[in-house]
Amino acid sequence: MSRKVIVLSEVRDQTLRNVSFEAIAAGKVVAEGGEVVAVLLGHGVNSLTDQLFHYGADRVRVIDNDQLKTYTPDGFSQAFLAVLEEEKPEGIVIGHTALGKDLAPKIASRLQSGLISDVTDIEVAGGHIVFTRPIYSGKAFEKKIVTDGVTFVTIRPNNIAPLEADSTLTGEVAEVSVEIKDLRTIVKDVVRKASAGVDLSEAKVVVAGGRGVKSMDGFEPLKELATVLGGAVGASRGACDADYCDYSLQIGQTGKVITPDLYIACGISGAIQHLAGMSNSKVIVAINKDPEANIFKIADYGIVGDLFEVVPLLTEEFKKL
Ligand code: FAD
């Protein structure tokens, strides 16, 4: 059965986040040959529509409004519901990001719809669209199908590959007019922590440090390796609690959940709460001086050794490539 599917695009610093393109690819599977309509909410975002077509959107709906300059639950839900009201889709796909995790349940409750959250895989099997999502902090996976109502899902970033971009693709862009009112919160200013390099949640390579790095300076060799690999630096909560790095780097159950192509864990023991944030990484490399460390149980490659010797050696070798 073909469906009309709405996918929400995410913008940060006037740039579309990768998850926007992954949502289009997911939307194509859910649409089963139907139409995929990308929705762009923000201010000064009109120039971004071309890219959405290149990655497979059939149509784009835009709400460009200065009240949507930064995310607020009230503003974005009013805008998104206005589009849903006009389009009446049979499917909705949103990224399982900080924004998506906040917005999707609110929208689902307003639509009186079910919601399958944190989807990592979508396939068509036995005449159904089957959604896979992790449970029990990533220790098991469940498969779900929708039997009635709107198929509403959030997708975990970096799991569903975007379609190959085709710059010849184009389509119709239409604005949706909506009066955004009664905002209970207004964001006056956003002050970002200074962070250089690749965004941790979207990085293809992550070099993460734990309590084993022993100090703030201990993160320096990890930063160098991450730079050489074009990746980002992450951390265990042990390292954050010890003040070796900022909490914005924390990966795990109470930190960020990431799925890079390569995860290099340095001086991290592999507590269950840490694994919850990274065990789906495509390739896991662990460097730990304790051969019994739990992290080796899930690592694809393990190096038993002192991270302060191993990490600089890796950096030198990767520099040669
Ligand atoms: P440790 O467990 O102390 O491990 C340090 C490792 O470094 C050891 O394995 C040691 O062998 C190795 N090492 C030491 N020196 C070197 C060296 N020179 N070279 C190589 N290896 C070396 N943790 C998270 O990470 N993320 C979360 O989101 C999170 N959420 C939590 C939520 C709750 C409710 C609770 C209770 C805990 C949570 N934790 C979380 C904490 C978690 O249980 C662990 O305490 C934490 O992950 C341990 O961090 P660590 O591996 O860096 O430290």
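None of the figures in this text is laboratory data; all of them are computed from the coordinates on show. Source: prediction; values computed, not measured. Here the Cβ is made from the backbone with ideal geometry for all residues, glycine too, and neighbour counts use every protein chain on show.
Phi-derived couplings, Karplus 6.51 cos²θ - 1.76 cosθ + 1.60 at θ = phi - 60°, listed residue by residue for segment 66-79: 5, 6, 9, 4, 10, 5, 9, x, 5, x, 5, 6, 4, 5 Hz, with x used for Gly and Pro. Sorted largest first, the spans of the alpha carbon positions of segment 36-86 along the three principal axes are 30, 23, 13 Å.
In terms of distances greater than 29 angstrom between alpha carbons, the cross-link table entries K101/K214; K223/K297; K28/K223 yield K101/K214; K28/K223. In plain terms, if you count all Cα to Cα distances in segment 88-157 and split them into 5 Å steps from zero, the share in each step is 4, 16, 27, 26, 18, 7, 1, 0 percent. Normalising the average separation of contacting C-alpha pairs (under 8 angstrom, six or more residues apart) by the number of residues puts the relative contact order of the chain at 14 percent. Over segment 9-122, Cα pairs under 8 Å with separation of 6+ residues give a relative contact order of 24 percent.
In plain terms, the residue of D199, D74, D58 with the fewest other Cβ atoms within 10 Å comes first and the most crowded comes last, giving D199, D74, D58.
Working from the Cα coordinates of segment 1-75, the gyration tensor eigenvalues give, after taking √(5λ), semi-axes of 22, 12, 10 Å in decreasing order. Counting only Cα atoms, the size of the chain along its three principal axes is 59, 49, 40 Å, in decreasing order.
Please state, rounded to one decimal and in Å, the Kirkwood hydrodynamic radius that segment 159-230 gives when every pair of distinct Cα atoms enters the mean of 1/r. Evaluated on segment 159-230, it is 17.9 Å. Separation of segment 180-246 and segment 254-276, taken as the distance between their Cα centroids, equals 13 angstrom. Coordinate range of the alpha-carbon atoms in segment 247-321 per principal axis, descending: 35, 27, 23 Å.
Remark: relative contact order (segment 204-321) = 25 percent; criterion is Cα-Cα distance under 8 angstrom and separation of 6 or more residues.
Ordering 162-171, 241-250, 221-230 by mean Cβ neighbour count within 10 Å, with the highest value first, yields 221-230, 241-250, 162-171. For D64, the residues 5 or more places off, or on other chains, whose built amide H falls under 5 Å of its own are V176. Residues L313, L99, L52 in ascending order of nearby Cβ atoms (within 10 Å, fewest first): L313, L99, L52.
Summarising the amide proton neighbourhood of I92: residues at separation of 5 or more, or on other chains, whose placed amide H is nearer than 5 Å comprise I6, T151, F152, V153. 3J(HN,Hα) along segment 197-207, derived from phi through the Karplus expression 6.51 cos²θ - 1.76 cosθ + 1.60 where θ = phi - 60°, amounts to x, 6, 5, 4, 5, 10, 5, 7, 10, 10, 10 Hz, with x in place of Gly and Pro. Averaging the Cα positions of each part gives two centres, and for segment 288-318 and segment 37-103 these lie 42 Å apart. Taking the DSSP beta bridges with both ends in the chain, the antiparallel portion is around 20 percent. Ordered by the number of other Cβ atoms lying within 10 Å of each residue's own Cβ, fewest first, T49, T147, T70, T315 fall into the sequence T147, T70, T315, T49.
From the helices alone, meaning DSSP H stretches of at least four residues, give me the mean residue ellipticity at 222 nm for the chain, per-run term -39500 (n - 2.57), in deg cm²/dmol to the nearest 500. My calculation for the chain gives -8000 deg cm²/dmol from helical runs alone.
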